[in-house]
Amino acid sequence: MVLNTAFRVLGDAQSAQDVHQEVFLAIWQRWANLDRKVSWPGYLYRTTVRKAIDMIRKNKRWPDSLEGLERSPQASNQRPHQILVARELQERLRGCIAQLPERQAHVFVLSKLEGLKHAEIAACLDCSEGTVRVHLHRALQRLSELMKDYMEEEADS
């Protein structure tokens, strides 16, 4: 689950493996102080998404790998230009996700990339479903603003 979540956020297998290791290293380092009553799936999701977004912010650049696109079912039917446009869109979206406030980014990733329902996200983040809906709505609005210029450029070309 940790590796898959990291891969969906980062789109790069090597970076996802790095985040995977960082997550379990962080757990090991904090083991003595962790609350044993914590929701482990929620804790793992939160930690993974936070570490992946931190990596995006730290690197400010995406790997050159097309691995994420190669695994998509449509990639085999696409022309090279279409693959590059899709890759650029994914990179731009990842950069915009990194600009979201932490809670909005977590909710967006868990909802749209992981496909979790609002109730599951609420359990993971230890908040109400209403809070999840508000953060998701705000994240979508902010991403729409951040992606507006890119989408207009694509429409013009």
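Nothing in this text is a laboratory measurement; each read-out follows from the coordinates by a stated rule. Since the model is a prediction, treat every value here as computed from it, not as a measurement. Methodologically, a virtual Cβ is constructed for each residue, glycine included, from the backbone with ideal geometry; neighbour enumeration extends over all protein chains shown.
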**OP:** Work out how much length Tyr43 to Val134 would gain on full extension: take 0.36 nm times their residue separation and subtract the Cα-Cα distance, in nm to one decimal.
**Re:** 30.7 nm
Original post:
So how do Asp12, Asp149 line up by other beta-carbon neighbours within 10 Å, fewest first?
Top reply: Asp149, Asp12
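Quick one: net charge around His20, please, counting Lys, Arg +1 and Asp, Glu -1 for every other residue with C-beta under 13 Å from its C-beta. Mind showing how you got there, number by number?
On the way: positive: Arg8, Lys51; negative: Asp12, Asp18, Glu22.
Charge balance near His20 sits at -1.
Compute the relative contact order of the chain as a whole-number percentage, counting only Cα pairs closer than 8 Å that sit 6 or more residues apart in sequence. Please report the intermediate quantities before stating the final value.
Values: 135 pairs, mean separation 38.8, N = 157.
Rounded, it is 25 percent for the chain.
What is the order of Lys37, Lys117, fewest Cβ neighbours within 10 Å to most?
Numbers: Lys37 5, Lys117 12.
With the sparsest Cβ surroundings first, the list reads Lys37, Lys117.
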Subject >> Residues His118, His137, His106, His81, sorted so that the one with the fewest Cβ neighbours within 10 Å comes first >> reply: His81, His137, His118, His106
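Please state the equivalent ellipsoid semi-axes for the chain: what are the square roots of 5 times the Cα gyration tensor eigenvalues, largest first, in whole Å? It would help to have the intermediate numbers written out before the result.
Values: eigenvalues 161, 75, 35 Å².
The equivalent ellipsoid of the chain has semi-axes of 28, 19, 13 Å.
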